Amino acid sequence: MSNLYRRDPRAQWIARNRLHPLHVPEGQLVQRGPTGLLRKNVHTIGFIGPNGLKRIDRSGAADSFEQLNRQSAQGSNSAAQEEVVLPLHKVANPDFYILVVVDGVSGRLSSHDRDTLGLAHKLATHEAHIENGVLAENNAAFDKGIEGNEVRTGAGASAGERTGAVVAVFFDAITEERLDITGIDRLVNFEGNEYQHYNPEQRCADLYKLVNQLNPKHVLFPDSIHGGADLGRRLAAKLNTTVASNVWKVNNNQIVCRGSAGKTDITRAITNIMLVLEECSEPVSDTRHECLALERPLEQSLNQLPNINTQYLPNQEPSPVLEQTPDQIVESISQQKITDLGNVSVNPNDINLAEAGFILSGGNGITDWDQFHHAAAILGATEGASRVAVDDGFMPRERQVGATGTWVTAKVYIAVGISGAIQHMQGIAQCEKVIAVNSDASCDMVKRADLSAIGDSQEILAALLTLVTEQKGEPKSDLNTDLKGDKNNQSTSTSDTSGQNPHQATPIHMLEALHA
Amino acid sequence: MRKQTHSASTEINKNTEGLHNNVVKMVNTASKESVNVTVLVSVGEHPLSKRPRRAEQDARAIEIGLNLPGTQLHVMHAGAADNVQTNTVLKDYLGMGLPEIQVLNIPQEADNLTALTSNFTDSNPDIILTGIRAENGESSGMLPYVLSEQLGMALVPSITEILSVDKKAGFAELLQALPRGQRRKVRVKLPFVATVDMAAKAPRQSAFGAAMRGKITVVDAIATATTNNANTEWKITPAQPRPKRLKVVKAKTAADRFKAATAKAQGGAGKVIYNNQEAADAILKMLTDEKVL
């Protein structure tokens, strides 16, 4: 081969056309030009400054050469694959706190939690302009004889600019991986055995202490059935104030909340405790946060409060479990009027189809309906059906999934013998995972499904059932011998307040199914 | 099972006797009588026609009360008496088979909480059932919480069923509604306040004859003016539809924006398996991964 440079017109065209799908936006700093000469790509020189504008450092400093290399070193990585390092939002000495009590269902932040944190971040950063008089008024409800508030308002008046820190309160263990990008400046984690169960009174008492010590400007709860709505109202009742519930918009000092069970909008002044709806604000996405564990000064006397700011431990993992004195433990036990006896097993077919978490749905392709019902009982799935199956009389009308039936929200949806009419696909649009069992590989359901099994549905179901019964073989024999003991275990061990694994407690129905 | 809970609960009772002397005493003195259940009902509002109606959760609370054997059921409404609209709704409640509804006569602008609290400290109910939120007004859902705080009673939110009430031991077992149709069993000390979830058993129909036979008794209550005048500054408008959240594309360059706008849904094609046994394995794996089995 000769050393002659050969043009690749197509590659050149792609390189010129920034909208071409194969275009690599930040190519090599030095590239072959159309004539074969090496050309410097001036567009890649420089860097994007903090305000989003391109900056070229011509000072001749050590970095000024690196800024060329920085781009060229990235090579042909496309922009989408780059790991973007977000700027760090630091709050060293917060003037006030915004407390967010997240649901933290199974240790994770839901989108509702993230929205609430986003709103808290907005309140913490955008409220610099509000007059101090209003602030003092807002804080009045939390004063309760604590002098700390006075000190801080004084500091705010002198500084003029006030920044707040978002304090997130987690109960039970945290399994969320990246807490730093969710907008948490300070973290309080109540851990311990008692928090694995349903103990709203204990949680409320802890929050009460925390609020009295931090004296936060606002306390935000997600207004959700996962506990936020309950906890917020408990806390408000204990603090002898009231809440603004169903808040969906916050403009400076005004909030808009839904009243009359969703029929009216109430525009009112901002309150201390707010139960906010989903999508009340955008979640934090532009900044990283420190997410420092807040040393909870629970053992300290209240007059030490103004010193809280120096008590943060840098980059420490969730703070250790609060050590209680025996008196406090006795007190906390006697205060508990509610005892969690665990989740009870629910017949899957009693669950409303719209909120069922696991649905086995049958359609025209099913020949053996007895096997289908048997499979649903063994898997512990709620039964659904397509319109054809309902019209043919195999299933009742209230089991119909689709535009004319029920719109389902299941986590896992198994469609057996359903080809996937558009009305049916609308009905399952919100399902997370769809499994198709069908004899036709080209049907619409297979295109939608995350996993498709092509073949005779009867055989596939039979194979699945043998697998499941094999897998459950051991616990099943236990059940037969010691059903009572198992029940006791259940009452102590299942403490899932979330309903994330709704079909944990189905062995009884499995037994029924086996007898059928 | 039954016996075990008995013994366990009495033990706890002994342990906490010193601390909760007054509660235990109250339970003991009243133990010979039947369980006193009070249901607080409100005037509901139809979501579309805005007509007054039975509040759905309150009607469910009455249904729970009617289905509890061996109890004294009292139904109470706090509000302005001799109001035509209120009386029609109260008749609807009476039509469920109630002999009487008490109306605590409280003027519209007065605070009904103090009246309710003083009434309950006199009557000492074991169980107070309410709905979760009112169907009109602010509907903040605070009333049961404030009541429980002021009366020193436990509060159990969103229950669907009362499984058992053991007045001697001072405990009741309840079923609570959880998301995804799940239920949690809780044991709670008597007396308690509970809010009733929509997942509870649907209320029975209201019968005209029963409604005509039932009595509405007006009880005079001490009316105190509301302490917070903040409500006067509220602006109440019909609910606006909430704007849908837009998918914001944070792209620095035109190419990124173009790609985001024209990109097709990724990962449309799932895994397709033709072998029956492999398919069953894969399905089982997915089910266990999703923790539904």
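Coordinate-derived values only; no laboratory data. The structure presented is a predicted model; accordingly, all values stated were derived computationally and were not measured. Heads up, the Cβs are rebuilt from the backbone with ideal geometry, glycines too, and the neighbour counts pull from every protein chain shown.
Quick check on the exposure proxy: order B:Lys167, A:Lys209 from fewest to most C-beta atoms within 10 angstrom. Please list the in-between numbers first.
Details: B:Lys167 21, A:Lys209 14.
Placing the least packed residue first, the sequence is A:Lys209, B:Lys167.
Ranked highest first by average number of other Cβ atoms within 10 Å, how do A:255-264, B:61-70 line up?
Values: A:255-264: 20.8, B:61-70: 18.2.
Highest to lowest by the protection proxy: A:255-264, B:61-70.
The simple Förster model, with R0 at 22 Å and r as the Cβ-Cβ distance, assigns A:Glu398 and A:Asp456 a FRET efficiency of 0.15.
With the cut-off at 1.5 for a/c, could you classify the range B:132-209 from its C-alpha gyration tensor as rounded, prolate or oblate?
Details: a/c = 1.44, a/b = 1.16, b/c = 1.24.
Taking the square roots of the gyration eigenvalues as a ≥ b ≥ c, the range B:132-209 is rounded.
Of B:Met96, B:Met286, B:Met153, B:Met198, the sequence from fewest to most neighbouring Cβ atoms within 10 angstrom is B:Met198, B:Met286, B:Met96, B:Met153. The label-point distance for B:Thr262 and A:Ser285, in a model that sets each label 7 Å from Cα toward Cβ, rounds to 2.2 nm. For the residue pairs B:Lys185/B:Lys291; A:Lys263/B:Lys244; A:Lys249/B:Lys252; B:Lys91/B:Lys185; A:Lys411/A:Lys472, the alpha carbons lie more than 25 Å apart in A:Lys249/B:Lys252; B:Lys91/B:Lys185. Between B:Lys271 and A:His20, take the C-beta separation as r, use R0 = 25 Å, and let me know the FRET efficiency to the nearest 0.05. Rounded to the nearest 0.05, the efficiency is 0.20.
Rounded to the nearest 0.05, what FRET efficiency do A:Ala354 and B:Arg204 give with R0 = 30 Å and r taken as the Cβ-Cβ distance? Could you check?
Values: r = 24 Å, r/R0 = 0.80.
Approximately 0.80, to the nearest 0.05.
So how much slack lies between A:Glu432 and A:Gln12, counting 0.36 nm per residue of separation and subtracting their Cα-Cα distance, in nm?
147.0 nm
For B:Ile236 and B:Lys168, compute 0.36 nm times the residue count separating them, minus their Cα-Cα distance, and round to one decimal in nm. Numbers along the way, then the final one.
Numbers: separation 68, 0.36 × 68 = 24.48 nm, distance 4.83 nm.
Full-extension gain reported as 19.6 nm.
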